[in-house]
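Read through the structure below, which is laid out as structure tokens, and then see the notes.
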Amino acid sequence: MQQNGSSGSNGSDGCSSRERQSLSFSPLPAATRVRRFIQERRTLPLPRVMVVFSAAGDTEKPSDAMSSSDSVEDEFRKPASPSPSLTLSTPLCSSLNTQEQEFPEVISLNVGGTYFTTRLSTLRRYEDTMLAAMFSGRHYIPRDAEGRYFIDRDGAYFGDILNFLREGELPHRDRVRAVYREAQYYAIGPLLDSLEDIQPLTGEKVRQAFLDLLPYYKDNLERIVEIAKLRAMQKKARFAKLKICVYKEEMPITPYERPLFNSLRFERSDSEAKLFEHHCEVDVSFGPWEAVADVYDLLHCIVSDLAERGITAEQQCIGVCDKHLINHYYCKRPIYEFKITWW
């Protein structure tokens, strides 16, 4: 009997084992597997629990008898917290994206279709320049079909830029103005300072100091161009003539009055000043100013600035303003005729 009992016990254990195996691996409906798991969840080992819920694609709904086990089931359906490896992946990607670009020691450049070859250290000679920033590795630089780094700029004067970066060589005088503009674009401060100390930029600084005394100078220059263009178009002529008054004194005076004053400025009462106020019958008027530079210096500036714009101008004095002011006082401001030739 004991043997039968033991065999019966072994049989029951075998049955229980078969039932657990069928619970884990048999293709039973989802509701039956869940119900059986709830009934035997105290005896089943923990690894078996995960096997029960491995069939996540079943669409069959559990019966109402499972309502009491919803909280237990929800605990297993909660999404897992992200692993530390996933958490660290985003900063890792960002660090890879912000990694500085590496350049070869010898750089091939394509500047507006002109090719140059130089060392990387030459382009990085001065830190606070555009070239040093471009080739610092922090910015993207496009390449042409041959793999040269491309800079969308006229390359006619880029060789002068490289010569200065290599050994401090300055351009020839007739290239100074153009190289100065390129140095401004590339923000090369040492080159700008060096160019400003040589001709013609030194003379330009002195000339500009004089023109700053005439804040209306640029506006008057534009008026000369517009009036001359309009008159030439109206007359269908290749040139146009204008009358321009250029005077240095603050107020008009006669030759007889001049010796009475030892300076360019002199005082008059308000009532007297109004008697001398008038506008000469000319197209454009320059003056007055207080400086050593005289009328002929200003005339030279006007002709030179028009020539910079490709406009040929000739001037000659044709007399003075004979405007009668009061008593024996006349204007006597010099008037010049400008001839603007368009072609």
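Annotation: of all residues in the stretch 142-193 being basic (Lys, Arg) and part of a loop (DSSP other than H, G, I, E, B), the one that is nearest to the chain's Cα centre (by Cα) is Arg153. List every residue pair whose Cβ atoms lie under 7 Å apart, where the two residues are 6 or more positions apart in sequence or sit on different chains, the first residue falls within the stretch 160-182 and is open to solvent by 10 Å² or more (accessible area, probe 1.4 Å), and the second residue, located anywhere, is among the β-branched types (Val, Ile, Thr). Close Cβ pairs (under 7 Å, with a partner that is among the β-branched types (Val, Ile, Thr)) amount to Asp160/Val179; Arg166/Thr122; Leu170/Ile198; Pro171/Val179; Glu182/Ile161.
Can you name every residue in the stretch 194-208 that is closer than 19 Å to Leu298 by Cβ and not in a helix (DSSP H, G or I)? Once the filter is applied, which keeps residues that are closer than 19 Å to Leu298 by Cβ and not in a helix (DSSP H, G or I), the stretch 194-208 yields only Pro200. Pairs linking a residue in the stretch 107-131 that is assigned by the TED database to the domain that holds Tyr149 and within 10 Å of Arg166 (Cα to Cα) to a residue that is open to solvent by 60 Å² or more (accessible area, probe 1.4 Å) and not in a loop (DSSP other than H, G, I, E, B), with Cβ atoms under 9 Å and 6 or more positions apart or on different chains, are Thr118/Val106; Thr118/Arg166; Arg119/Val106; Arg119/Arg166; Thr122/Arg166; Arg125/Arg166. In this structure, Arg138 does not satisfy being surrounded by 14 or more Cβ atoms within 10 Å (Cβ to Cβ) and either out of contact with any helix residue (DSSP H, G or I) (no Cβ under 9 Å at 6 or more places or on another chain) or in contact (Cβ under 8 Å) with a residue 40 or more places away in the chain (or both).
Scanning the stretch 179-235 for residues being of a type in the set (Lys, Arg) and over 30 Å from Asn163 (Cβ atoms) gives a total of 5. Annotation note: Cβ proximity below 7 Å between a residue of the stretch 213-239 that is over 18 Å from Val295 (Cβ atoms) and a residue that is open to solvent by less than 100 Å² (accessible area, probe 1.4 Å) and part of a loop (DSSP other than H, G, I, E, B) (sequence gap 6+ or interchain) occurs for Val225/Ile311; Ile227/Asp283; Ala232/Trp342; Arg238/Trp342; Phe239/Trp342. For the stretch 295-321, enumerate the residues that are open to solvent by 60 Å² or more (accessible area, probe 1.4 Å) and in contact (Cβ under 8 Å) with a residue 40 or more places away in the chain. Matches in the stretch 295-321: Asp297, Arg309, Gln315, Ile318.
The values are calculated or read from the model by the stated rules, or taken from the named source; none is laboratory data. Being a predicted model, the structure only gives us computed values, none of them experimental. In this analysis, Cβ positions are derived from the backbone assuming ideal geometry, glycine residues included, and neighbour counts consider all displayed protein chains. To get the accessible areas, we keep the full protein, side chains included, count just its heavy atoms, and leave off ligands, DNA and RNA. Shrake-Rupley method; radii C 1.70, N 1.55, O 1.52, S 1.80 Å.
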